[in-house]
1. With axes computed from alpha carbons, what is the tilt in degrees of helix 75-118 against the longest principal axis of the chain, rounded to the nearest 10 within 0 to 90?
2. Can you compute the FRET efficiency between ALA94 and LYS34 using 1/(1 + (r/R0)^6), with r the Cβ-Cβ distance and R0 = 41 Å? Round to the nearest 0.05.
3. Mind checking the angle between helix 39-53 and the chain's longest principal axis? C-alpha axes, 0 to 90 degrees, to the nearest 10.
4. Pull out the extension gain between GLU24 and GLN109, defined as 0.36 nm times the separation in residues minus the alpha carbon to alpha carbon distance; nm, one decimal.
5. Over the Cα atoms of the chain, what is the Rg over Rh ratio if Rh follows Kirkwood?
6. Would you mind getting the Kirkwood hydrodynamic radius of segment 6-49 from its Cα pairs, rounded to one decimal in Å?
Amino acid sequence: MTIREMCAAFDVTPRTLRFYESKELLSPVREGQKRLYIKRDRARLKLILRGKRFGFSLEEIRQLLDLYDLDDQQETQFRRTFEIAQAHLAVMEARRDELIETIAEMKQQMKWGAELIASFEGKDGQPATYTEIL
């Protein structure tokens, strides 16, 4: 595939592909000024994009891709990917739990704020003072 075809197929920019190439994550074949991406590059880009979506750093992705070339039927690569994924999942779940708690707290504060705003109207039709509200 050409750089244009890769960009269209994976919804990335040429700059993104060149960046991954500079980080030695992709290594397209060169024909003069042309970059040609082979099946291996396409598979690697798919894994890079998935890893990024899952929160893996580029260095983690590079290390995992480098494990592909070991002669153990990718056992080491799969095991290490699983370990890193477990760690990232734990972080994501902790963030989610923290966000759920923060949302609940914010809703409580918004309810209090709505009640406070509603109470600004005093019993005699006049705006209540701050100390009267509290």
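Each reported figure results from applying straightforward, stated rules to the coordinates on display, with no laboratory input. Just so you know, these numbers come straight off a predicted model, no measurement behind them. Cβ atoms come from the backbone with ideal geometry, glycine included; neighbour counts cover every protein chain shown.
1. Roughly 20 degrees, rounded to the nearest 10.
2. Details: r = 46 Å, r/R0 = 1.12.
After rounding, the FRET efficiency stands at 0.35.
3. Result, in degrees: 20.
4. Between GLU24 and GLN109, full extension yields an extra 25.7 nm.
5. Rounded to two decimals, Rg/Rh equals 1.37.
6. Across segment 6-49, the inverse of the average 1/r is 10.5 Å.
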